[in-house]
Structures are given as structure tokens and as C-alpha cells.
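Have a look at the structure below, then the notes.
The values are calculated or read from the model by the stated rules, or taken from the named source; none is laboratory data. Bear in mind the structure is a predicted one, so any value in this text is a computation, not a measurement. A quick note on method: Cβ atoms are made from the backbone with ideal geometry, for glycine too, and the neighbour counts reach across all protein chains shown.
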């Protein structure tokens with residue numbers, strides 16, 4: 001018989017739900033402050049105060065401000081914090097598995113609108129903060145690279161299905177899709193020119209089809 005049993009780690013569905021809710025409140029508070037003050041001017045203590053929790057709680061959940069920003073990015077890009085890359089997400093696989101080329105591109109425009117509604121503001125925060133922070137600069141470049149690779153896979157699907165515009169090579173098509181789908185263009189049209197997200201989606205789908213098919 002063990003005279004010195006190890007204490008059991010207490011866990012329960014209720015505690016997990018509370019931890020998830022607290023994490024969500026911290027992420028929402030961070031986004032509000034990043035949008036209001038900018039990344040550099042927002043401290044972990046300020047995020048804790050905005051969320052109504054102790055600073056220790058924020059550090060335990062995210063380790064650092066960069067860790068919090070990365071978690072926020074994953075949440076807003078993917079729709080949840082599950083470690084599943086965009087290329088394996090159901091909503092992205094729906095695009096590349098669509099046999100009709102026009103519907104494929106319009107589904108991609110729909111996804112673009114949904115992601116940018118969720119993450120457009122944070123993308124602008126990241127882009128602005130990257131030049132002054134090496135780690136954020138690396139993150140921004142990684143995001144750009146992953147974004148390009150995902151768009152290229154869509155063009156490769158069109159090429160495989162013999163739907164890509166005659167004479168258009170995959171490299172040039174990927175550049176076109178990447179540029180049209182870039183968050184800066186969304187910010188210009190929706191953020192500065194006042195388009196609705198729905199108008200952006202319709203225009204983007206038309207542009208995709210006219211340029212690639």
C-alpha cells in the first residue's frame with residue numbers, strides 16, 4: 001500500500017467551462033484595448049483590468065502579450081482555438097472540393113468576407129506593430145506566407161480541373177488571388193470607402209471569376 005499517494009488533480013466540467021469563459025473574456029478585452037490604444041501601448045495589467053481578472057490569471061493563460069496576440073489571431077482566423085490549420089478546416093476544404101469553378105471562387109469570397117469581419121481589425125493591428133517588434137514581424141510574415149499558400153492551393157485546384165483561364169500560369173494566378181483577397185483591400189473598401197461586407201463579397205467573387213476563369 002502506498003503510504004504517500006500523489007494528490008489527485010482536481011478537475012471538473014464546471015471548472016473547465018469557467019476557465020474557457022475567463023479565457024474568452026481576456027481575449028475580448030485584449031482586442032478592445034488593442035483597437036483602442038494599439039498593441040505597444042496596451043499592457044498585460046491593462047488587459048487584466050479590462051477583463052476584470054488578476055494579472056496573474058492573464059499570464060497563466062497566455063504567458064506573454066505576444067502569446068495572447070497569437071491566441072487571439074488563431075481564434076479570429078479559424079473561429080475557435082482548436083489547433084487545426086486553415087487548410088484542414090471544413091470551410092476551406094469545402095472550397096477546394098467544390099467541382100464547379102465559379103461556385104468555388106464565390107465560396108472563397110464568402111470565406112474571405114467572414115474571416116475579415118472577424119479578424120480584419122486585428123490584422124491591421126499586427127501589420128502596424130510588426131516593424132517595431134521582431135517576433136511580431138516574424139508572425140506577420142508567417143501569416144502572409146500561410147495566406148498565400150492557401151490561395152495558391154485554390155489556383156492549383158482550378159488548374160487541375162482545367163478551369164484556369166487559358167494562358168494563365170499557377171504562379172501568376174496565385175499572385176492575383178492573393179492580391180485581391182488581401183486584408184488591405186478589404187480595409188480600403190469596407191473600412192475607408194464604406195462598402196458593406198456583403199458588397200465586398202459580391203465584388204470579390206466577380207473579380208475572382210473574371211480574373212481566373
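Filtered by the rule that a residue be modelled with pLDDT of 95 or more and more than 16 Å from residue 204 (Cβ to Cβ), segment 79-114 gives a lone residue, 100. Taking the criterion of being out of contact with any helix residue (DSSP H, G or I) (no Cβ under 8 Å at 6 or more places or on another chain) and farther than 27 Å from residue 110 by Cα, the only residue of segment 65-82 that qualifies is 67.
Checked against the criterion of being modelled with pLDDT under 90 and loosely packed, with under 14 Cβ neighbours inside 10 Å, the candidates 71, 41 yield just one match: 41. Of all residues in segment 122-137, those that are touching a residue at least 24 places away in the same chain (Cβ under 8 Å) have Cβ atoms under 6 Å from Cβ atoms of residues that are crowded, with 17+ Cβ neighbours inside 10 Å and in a loop (DSSP other than H, G, I, E, B), 6 or more apart or on another chain, in 125/39; 129/39.
Okay, residues lined up against (1) at pLDDT below 85; (2) surrounded by 12 or more Cβ atoms within 10 Å (Cβ to Cβ); (3) out of contact with any helix residue (DSSP H, G or I) (no Cβ under 9 Å at 6 or more places or on another chain); (4) part of a loop (DSSP other than H, G, I, E, B):
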| residue | (1), (2), (3), (4) |
| --- | --- |
| 3 | yes, no, yes, yes |
| 8 | yes, no, yes, yes |
| 50 | no, yes, no, no |
| 53 | no, yes, no, yes |
| 56 | no, no, no, no |
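Residue 141 satisfies every condition listed in (1) surrounded by fewer than 17 Cβ atoms within 10 Å (Cβ to Cβ); (2) part of a helix (DSSP H, G or I); (3) touching a residue at least 12 places away in the same chain (Cβ under 8 Å) except (3).
Restricting segment 181-206 to residues that are buried (at least 18 other Cβ atoms within 10 Å of the Cβ) and assigned to a helix (DSSP H, G or I) leaves a set whose member that is modelled with the lowest pLDDT is 183.
If you check residue 178 against the conditions, is it touching a helix residue (DSSP H, G or I) at 6+ places or on another chain (Cβ under 6 Å), free of Cβ contacts under 8 Å to residues at least 60 places away in the same chain and not in a helix (DSSP H, G or I)? No: the conditions fail for residue 178.
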